[in-house]
Amino acid sequence: MTKPATSLENLWLSGNEALAMGAKEAAVTVASGYPGTPSTEILENLSRYEGVYTEWAPNEKVGLEVAIGASFAGARALATMKHVGLNVAADPLFTASYTGVRGGLVIVVADDPSMHSSQNEQDSRNYADAAKLPMLEPSDPGEAKEFLKIAYDISEEFDTPVLLKSCTRVAHVKGIVVPGEIAVSKVKIGIEKAPAKFVMLPGNARQRRLAVAARQDRLGEFAETFAENKIEWGDKKRGFITAGVSYLYVKEAFPEASVLKLGLVNPLPEKMIRELADGVEELIVVEELDPYLETRIKAMGIDCRGKELIPAIGELSTAVVRKAVSGEAGPVEFAPVELIPRPPNMCAGCPHRGLFYNLNRLKVFVSGDIGCYTLGFLPPLSAMDSCVCMGASIGIAHGMSKALGEAGKGKVVSVIGDSTFIHSGLNSLINTVYNKDNATIIILDNRITAMTGHQPNPASGSTLMGEPANSIDFEELCRAVGVKHVRTVNPHEIEEIYKVLKEEIDRDEVSVVITRFPCVLVPEEKKRVKYPFFTDTDECTGCTACLKLGCPAIQWEPLTPEEAEAQGRKKSQKGVARIDEVTCVGCGQCLPLCKFEAINKGEEK
């Protein structure tokens, strides 16, 4: 029996919106994850559906563990994350392959070729192979919805978690999506004890390893008849094997060619691959990033070409594929538009700016982390010297301090955002205290997960579903793990934070400085009465001190010597700084920097 969806009219949805609809139609009842572009909007959209419990977890490992627990209770469960998040979730992922499921369990992972919002490129198909899990790869939003529903059927039929691989193009492009009916899971929610299946002590795990091998054999047979693996016969001079969004590039570049479109990329349908290879004169594998398909096809003894033609770095496109294969990029279908350069920058009034301005003044090595504040490495702030992965800043600062010894005292600090600290920074802080470091850790608490679109976190006071929640007390938490010196400051108070940072950096033991002020874009801060500042340009000497903040509300207006002289200034003055009162939010960071009283507080806006 099925329950009809709200509307059966075709919709124009992004891939992430479509995945959320697919989860609802698949009868998912529990979904957990951690925000990360390009996957974030899946849970944000799913949270709007009735009857589905959704949450932001502290990190991807916890999110997947929550989904595994829901599956063990018989519920259909979903975990979402981006590619680097799958690294964090890898520990439970590999063991969940052994335990199998009760209710269907699907992990959606969104890769980011060309690193539009990521610190590395990574091909998540390798996780499917390593963890011995089936993986589906849709090519557009319509397929994304349908593939997610199929994934739950596969999960329950084969007693396995299923990976569904998305990417930036599939996640954020819009396409036609046809609503369907809401399924009713065949698995009854409730507790069923099965310790031999779910308790992975070595004796049980050895038996489950055999079950995984048997499952792989059954999935291999299934791949040969899976409807979403299909050969589209055309010109037999050249044949392509491809999957996901790369399929669309191939079809646009070579519409007459024969193509094997893979919907299931692990395991592969060997018989189907051989059928296409035997039917064409030349076989080319088109895939983004790693030669995942190519390597496995060549291991079957099948002659093909792949990465000798197709780039292994960055996103593909129709033009890239056409030129790689035929040497011709094809006709230009539209004239490119020249856009004004828009380098990334912290927002006007960003509380992080005051901190990084002072870190630059202190000339310390700044071990950074993942967040909006990573932009602190850009000039003129130029106050971040390393950034590796979520939560790494504290451990890296600790390692540097231990390596440098006395020579490094007072020269290394770490900065980490509130959400990132909760994600994976706390363990590193515990390690720093336990192993007797003298590092200074700065927690940038802007009350929200700002970088990915202002999602709440365990310090924000609300949940993904909009319910009030406990807000972590960072001061008490740091003291609880043994930090004796914890200071909280307003990062807009430029001189005060400089004083506090200098005192804490000079300490002989670990200390924590919490910079607390809400992100300027959170609703509560937007409602705050603001008094924008303005510049009395007659008093501006062009000293450029205020420009060192890098605030987008402060604009530089150059002057020629003749213009300066005409305005009664020194001919050597090269310009004036002017505050855009529309952009300014009245944070006041610039006020103490001006020694000539050219910056003044304006009226309420």
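Every number here is computed from the coordinates shown, using simple stated rules; none is lab data. These figures come from a predicted structure and were not determined experimentally. FYI the Cβ positions are ideal-geometry reconstructions off the backbone, even for glycines, and counts take in every protein chain you see.
Here are a few things to note about the model shown:
- As a rough footprinting exposure proxy, the listed residues 426, 404, 264 were ranked by other beta carbons within 10 Å of their own, and the order from fewest upward is 404, 426, 264.
- The magnitude of the dipole of the range 442-489, with charges of +1 and -1 set on the Cβ of Lys/Arg and Asp/Glu and taken from the Cα centre, is near 200 debye.
- Trypsin sites (Lys or Arg not before Pro) within the range 46-100, DSSP loop, no more than 13 other Cβ atoms inside 10 Å: 48
- FRET efficiency estimate (nearest 0.05) - Cβ-Cβ, residue 524 to residue 252, R0 60 angstrom: 0.80
- FRET efficiency for the residue 563 to residue 363 pair, using the beta carbon distance and R₀ = 51 Å, is estimated at 0.90.
- Stretch gain in nm, segment residue 479-residue 600, where the contour uses 0.36 nm per residue and the Cα spacing is subtracted: 39.6 nm
- Residues within the reach of a label modelled at residue 503 (point 7 angstrom out along Cα to beta-carbon, backbone nitrogen below 18 Å), restricted to the range 414-441, are 439-441.
- With the simple model of a label 7 Å out from the Cα in the direction of the Cβ, residue 117 to residue 462 spans 2.0 nm.
- Label corresponding to percent of Cα pairs over 40 Å apart when calculated from the structure given, among (1) 42; (2) 19; (3) 39: (3)
- 3J(HN,Hα) along the range 103-110, derived from phi through the Karplus expression 6.51 cos²θ - 1.76 cosθ + 1.60 where θ = phi - 60°, amounts to x, x, 10, 10, 10, 8, 10, 10 Hz, with x in place of Gly and Pro.
- Ranked 498, 373, criterion: other C-beta atoms within 10 Å, fewest first: 498, 373
- Using C-alpha pairs below 8 Å separated by at least 6 residues, the relative contact order for the range 41-140 is 24 percent.
- Between residue 471 and residue 191, the simple label model (points 7 Å from Cα in the Cβ direction) yields a spacing of 3.6 nm.
- Taking 23 Å as the limit for the C-alpha separation, the pairs 145/236; 61/82; 132/251; 61/165; 132/271 exceed it in the case of 145/236; 132/251.
- The alpha carbon gyration tensor of the range 533-601 gives principal lengths a ≥ b ≥ c with a/c of 1.5 or higher and a/b greater than b/c, which makes the shape prolate.
- Under 5 Å, built H, 5+ apart or other chain: amide partners of residue 160: 101
- Charged neighbours of residue 578, selected by a Cβ distance under 11 Å, balance to -4 (K, R count +1; D, E count -1).
- Net length gained if the chain between residue 12 and residue 578 were fully extended (0.36 nm per residue, minus Cα distance): 199.4 nm
- Under the Debye formula (equal points on every Cα, no solvent term), log10 I(q)/I(0) of the range 315-400 at q = 0.11, 0.12, 0.16, 0.26 Å⁻¹: -0.54, -0.59, -0.72, -1.30
- Descending by average beta-carbon neighbour count within 10 Å, the peptides 128-138, 547-557 line up as 128-138, 547-557, the highest first.
- Of the residues 266, 183, 96, the one whose Cα sits farthest toward the positive end of the charge dipole of the chain, with +1 on the Cβ of Lys and Arg and -1 on the Cβ of Asp and Glu, is 96.
- Virtual paramagnetic centre 7 Å along Cα→Cβ of residue 430, amide N under 20 Å, in the range 63-78: 63-66
- With each label modelled as a point 7 angstrom along the Cα→C-beta vector, the residue 211-residue 232 pair spans 3.9 nm.
- Loop-resident sites, the range 401-491, for trypsin sites (Lys or Arg not before Pro), counting at most 10 other Cβ within 10 Å (DSSP): 436
- Under 19 Å from the residue 91 label point (7 Å along Cα→beta-carbon), backbone N, the range 398-420: 420
- The value of relative contact order for the chain, using C-alpha pairs under 8 Å at least six residues apart, is 11 percent.
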